[in-house]
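> Below is a structure I'd like to ask you about.
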Amino acid sequence: MAQLVFHLIPNAHLDPVWLWDWREGMNEGLITTRTILDLMDADPEMTFVRGEAAQYAFMERHDPATFARVRRYVEQGRWDVVGGTWVQADTNLPSTETFARHFTKGQNWFRSRFGRIARVAWSADSFGHSAGLPEVYAQAGITGFAFTRPGNHIVPIAKPAFWWQGPSGARVLAYRPMVGWYGTERDELPRRLDAYLKHASEGDLENVGCFFGVGNHGGGPTRRHIAEVRDWAARHPDVKVVWSGLHRLIDALHDEVARKGDALLPTHAGELNFTLRGCYSSVAKFKYLYRASENLLARAERTDAVIASALGGAPSDLSAAWEGVLFNSFHDVLPGSSIERAFDDQIAWLGGVVHDAQRAELTALDRLALRVDSSVEKPIGDHPSAVAALAWNPHAQPYSGQLEIEASLDYRPIWAYNGRPEQLPVRVLGPDRKPVPFQLLKTEHDAMPTLPWRYRVLVSADLPAFGWGVYEIGWVEGHQPPVETRGVASTASDDAIGNGIYGVVAKKGAAGVVITRHGAPLLAGDGLGVVTVADTFGSWGGMGEEPASLDLSEVLHRWTVADVIVRERGPERAALWVRLVGGRSRLDLTIMLARGRDAVDVRARLFLDERSARVKLVMPVGDDVEFDVPGARVARKPSGEVPGGRWVRARSSRGSVGFASDALYNFDAKDGVLRATIARATYYANDIHNDPAADPWRPSVDAGELRFRFLLAPGDDQLPRLAHELEEPPHALLIAPRAGDLERSGSFASLAPASLRLTALKPADDGDGVVVRVLEGAGTDSAASLTWLGQKLDLGVVKAHALASWRVRAVAGVWTAARVSIVETAAVQSSGAAGG
């Protein structure tokens, strides 16, 4: 065997938020950087590895002199800029587009400051990795990936270096040290080097990555480490010990493979999971808000980009909002493993993201409202005029479904109908100015219940892709609304509803809600149920992958139906309110069946009062389950607690059932039952077993109210669309009526085929056009086309499971589309990449 080459990888993993808040964490980054620079000044051989563009940006803003020192060492090749992302994100829970945006922002930031991008991704401490990441990495110019979790005892792979392959066939050269973790204790380095030598001598790879550096609050290599490295190297002249970096290590491994053949390295296809499984559901109140922020920002950005392109004007600057989403995907924030005080800060930060997104969406829709014909009939005499509502579909395919509109029909309560508000003659006109059937709903308020004033209606809407429709609602004396005759939602009794497709029955004292589809049970057994299970593990779940932490099956409470009320009866929708109780907690479900809709929609409100426990939805639908995960879909047999994405589909002998939610991430399946964790009653930043009766002063995370939505539907090709619409529903905005030059209904853009999931439509980072990104979701090569502002653009073939991006811009008055990378260049420049 050729001489072994030990690549020293000095690093200082720093969590910007964990057992401290973000202010302390970011300032500690400055302290650590200055310490490392002083060591590098004193030792001309020493190198250092650092990722996370957010830390560099903070340094440039708060300590420009230190940033200038770093830049000099980057230029010398001694400071290795790695990762390519804004922070070291959790790599199971964020959306596909959030991962893509990490590289768009991170890589472009590195290129703007250092003239190069990173070619090696770095997830030192992230808790497992989604199967779709190789595709994202490849599209971002990443050729190598270094990580340490999960260890080889959890995901065995024969060698520390291997090909990690995604569903599309994209792959990266991955490296996980066979010994230890990303850092070391102060006295550990000689023993670590001995262990590296033992393992390397038993293998056939010449190049070995040696990770070291103290601390998890900054730190890094010490003077003692430097001395011990030189002493160890002198005692082992047969090993070539070099101060290196991740780029040099990965490049050397690529060269070694080129010499010895591609088969030198094993191939791992699929996810690198699982570890620290409690993180899939810890601190649900943050996770719920994070998902809402992610979805609202994506919807607002698409809306803003399309309308600005169509009508002129600059799009809103959402860069700060995206920084908020990216920073809060950090692997001790989104997984729920930081202290309470830190989460107070991060929740406040996400509140700013939500506001920025709402403001951008409002600006865009008001711009459209100024151009659309939203005029209403002139009132007679002193009668109030009707109200105009602009309905907007933020999706690349048409929307057909229910739409809720609420408006004040006068500027004061309508006293003439006091005591008989249901008799007020209300007219709703569709985009064609013809009356449409509607169902009157309860308003959001309970003020002045005998007086009509604000009215909330439900209509069936058909909105074109990236398009709009103007609706008009008003008080019109003598008007008789049309009656819907194409099938109606109905209520069969005081504890049941139906719509001709589904039936839902909830009986007081029952162990679940019975749901049928075309007369056959959708769910087996007791139907949709809830259980509380014991969960005495801390924030991360089982720190040592204890079997009891992987399969949480000690049932503390089997919940029962405590109350049932039919909330809505009408032609468009029936709704059943069901309260389930267990222990000291309760779950209120508003189960809705809409006319002609092949899905059961549910609004849920959990009131949690537990300790060392978790609450799960129970769905007896089978345990052969396919999960939507970032960048991919994965099929799993029973595997204990696992991370899931926006939707899951379970298969059994009865068929396939789909589940989607706007908030939940954590699932388990066994014995024919799929269970979804709603929340964990654990403790902040806690890694011990917990007696629920101990330390009563300790706050139990997520005590209180949590709200989310979910649906049940056939597990067919429509499930991804339903999940997307659940997370990002069409929006109805009340606007000032006016004549305009645009029709009352229209479309700016659409994407085909429907199997392509639009993950982004955004202004290009350099301001030249817009960037369109899709993920192929059906598992087949697809010929993509985009209709953009009246012009059809053939985008070419998107490979099965692949991620693809294009820059769309006008050239000589004609729209063109050119394939680009995630970094928004025509081809990622690998030469001169960071650390090369």
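> Would you mind checking the tilt of helix 22-42 against the longest principal axis of the Cα atoms of the chain, expressed as 0 to 90 degrees and rounded to 10?
20
> Taking +1 at the Cβ of each Lys and Arg and -1 at the Cβ of each Asp and Glu, which of Asn27, Leu4, Ala54 sits farthest along the dipole of segment 3-69 towards its positive end, judged by Cα position relative to the Cα centre?
Comparing the listed Cα positions along the dipole, Ala54 ranks first.
> Dipole size in debye (nearest 20) for the chain around its Cα centre, Lys and Arg Cβ +1, Asp and Glu Cβ -1?
Dipole size: approximately 880 debye.
> Using square roots of five times the C-alpha gyration tensor eigenvalues, list the equivalent-ellipsoid semi-axes of the chain in whole Å, biggest first.
50, 32, 24
> Next question. Taking the DSSP beta bridges in the chain as the whole, what percent of them are antiparallel, to the nearest 5?
Expressed as a percentage, antiparallel bridges in the chain total about 85.
> Here is a further query. Note down the Stokes-Einstein diffusion coefficient of segment 202-253 in µm²/s, whole number, using a Kirkwood radius over alpha carbon pairs, 10 °C, and 1.306 mPa s.
Rounded, D is 125 µm²/s.
> OK, next. Kirkwood Rh, segment 229-301, all Cα pairs: how many Å?
It works out to 17.9 Å.
> About the Cα centre, and with charges only on the beta carbon of Lys, Arg (+1) and Asp, Glu (-1), how big is the dipole of segment 573-721? Nearest 20 debye, please.
In total the dipole reaches around 480 debye.
> Send over the semi-axes of segment 1-160's equivalent ellipsoid, whole angstrom and largest first, taken as the square roots of 5 times the C-alpha gyration tensor eigenvalues.
25, 21, 16
> Now for a separate question. Specify which residue in the list Gly796, Gly542, Cys279 is farthest towards the positive end of the charge dipole of the chain, using unit charges on the beta carbon of Lys, Arg (+1) and Asp, Glu (-1), about the Cα centre.
The listed residue farthest towards the positive side: Gly796.
> For Cys279, what accessible surface area do you get with a 1.4 Å probe? Give it in Å², rounded to 10.
That residue has around 0 Å² of solvent-accessible surface.
> Which aspartates and glutamates have a Cα less than 12 Å from the Cα of Lys240, not counting those fewer than 8 places away in the same chain?
Glu206
> Treat every Asp and Glu Cβ in segment 652-787 as -1 and every Lys and Arg Cβ as +1, leave all other atoms uncharged, and give the resulting dipole magnitude about the Cα centre to the nearest 20 debye.
I would put it at about 400 debye.
> Going out from 0 in 10 Å bins, what whole percent of all Cα-Cα distances in segment 411-524 drops into each bin?
All Cα pairs, binned at 10 Å, distribute as 11, 29, 29, 23, 7, 0 percent.
> Stick to Cα atoms and the Kirkwood definition of Rh, then tell me Rg/Rh for segment 7-69.
That ratio is 0.97, to two decimals.
> May I have the convex hull volume per residue, in Å³, for the Cα set of segment 510-614?
128
> Which one, Pro64, Gly151, Asn295, projects farthest toward the positive side of the charge dipole computed for the chain from Cβ point charges (K/R +1, D/E -1)?
Asn295
> Still on this structure, I have one more. Along each of its three principal axes, how wide is the spread of alpha-carbon positions in segment 385-427, in whole angstrom units, largest first?
Cα extents, longest axis first: 45, 18, 12 Å.
> Nearest 5 percent is fine: what portion of the DSSP beta bridges confined to segment 129-283 is antiparallel?
Roughly 55 percent of the beta bridges in segment 129-283 run antiparallel, per DSSP.
> Oh, and also: At q = 0.13, 0.19 Å⁻¹, what is the base-10 log of I(q)/I(0) for segment 621-694 according to the Debye formula with one equal point scatterer per Cα and no solvent? Please give it to two decimals.
Reported log10 I(q)/I(0), two decimals: -0.45, -0.78.
> Here's something else I'd like to know. Tell me, what is the Rg over Rh of segment 89-148, with Rh the Kirkwood radius over Cα pairs?
When Rh is taken as the Kirkwood radius, the ratio is 0.95.
> A further question follows. Compute the long axis of helix 340-369 from its Cα atoms, compare it with the longest principal axis of the Cα atoms of the chain, and write down the angle in degrees, 0 to 90, nearest 10.
Once rounded, one gets 50 degrees.
> Tell me what the chain gives for mean residue ellipticity at 222 nm when only DSSP H runs of n ≥ 4 count, each as -39,500 (n - 2.57), the sum divided by the residue total, rounded to 500 deg cm²/dmol.
-7500 deg cm²/dmol
> Looking at this model, which pairs from Lys378/Lys434; Lys105/Lys762; Lys285/Lys507 are more than 19 angstrom apart at the alpha-carbon?
As for pairs spanning more than 19 Å Cα to Cα, those are Lys285/Lys507.
> D for segment 105-209, whole µm²/s, Stokes-Einstein with Kirkwood Rh over alpha-carbon pairs at 4 °C and 1.567 mPa s: what number?
85
> On to the next question. With no solvent and one point on each alpha carbon, what is the Debye value of log10 I(q)/I(0) for segment 697-836 at q = 0.11, 0.14 Å⁻¹?
Summing over Cα pairs of segment 697-836 leads to -0.63, -0.88.
> When the solvent-accessible surface of protein heavy atoms is calculated with a 1.4 angstrom probe, in what order do Trp475, Trp540, Trp181 fall, highest first?
Largest accessible area first, the list is Trp181, Trp475, Trp540.
> In square angstrom, rounded to the nearest 10, how much accessible surface does Phe438 have for a 1.4 Å probe?
40
> With all distinct Cα pairs included, what does the Kirkwood hydrodynamic radius of segment 724-765 come out to in Å, to one decimal, could you say?
14.1
> Would you compute the Debye intensity of segment 523-566 from its alpha-carbon atoms alone, equal scatterers and no solvent, and pass along log10 I(q)/I(0) at q = 0.20, 0.23, 0.24, 0.32 Å⁻¹ to two decimals?
Results for segment 523-566 at q = 0.20, 0.23, 0.24, 0.32 Å⁻¹ read -0.76, -0.86, -0.89, -1.14.
> Any chance you could look up the accessible area of Arg248 with a 1.4 Å probe, heavy atoms only, rounded to 10 Å²?
Arg248 exposes around 110 Å² with every protein chain in place.
> Local charge sum around Val436 (other residues, Cβ-Cβ under 11 Å, Lys/Arg +1, Asp/Glu -1)?
In short, -2.
> Starting from the residue with the highest accessible area, list Glu705, Glu472 in decreasing order, probe 1.4 Å.
Solvent-accessible surface, decreasing: Glu705, Glu472.
> Hey, what did the chain get for relative contact order, percent, Cα under 8 Å, at least 6 apart?
Once divided by the residue count of the chain, the mean separation gives 14 percent.
The values are calculated or read from the model by the stated rules, or taken from the named source; none is laboratory data. Keep in mind it's a predicted model, so treat the numbers as computed, not measured. Glycine gets a Cβ as well: all are built from the backbone with ideal geometry, and neighbour counts include every protein chain shown. Protein only, heavy atoms only, side chains kept; ligands, DNA and RNA dropped before computing areas. Shrake-Rupley method; radii C 1.70, N 1.55, O 1.52, S 1.80 Å.
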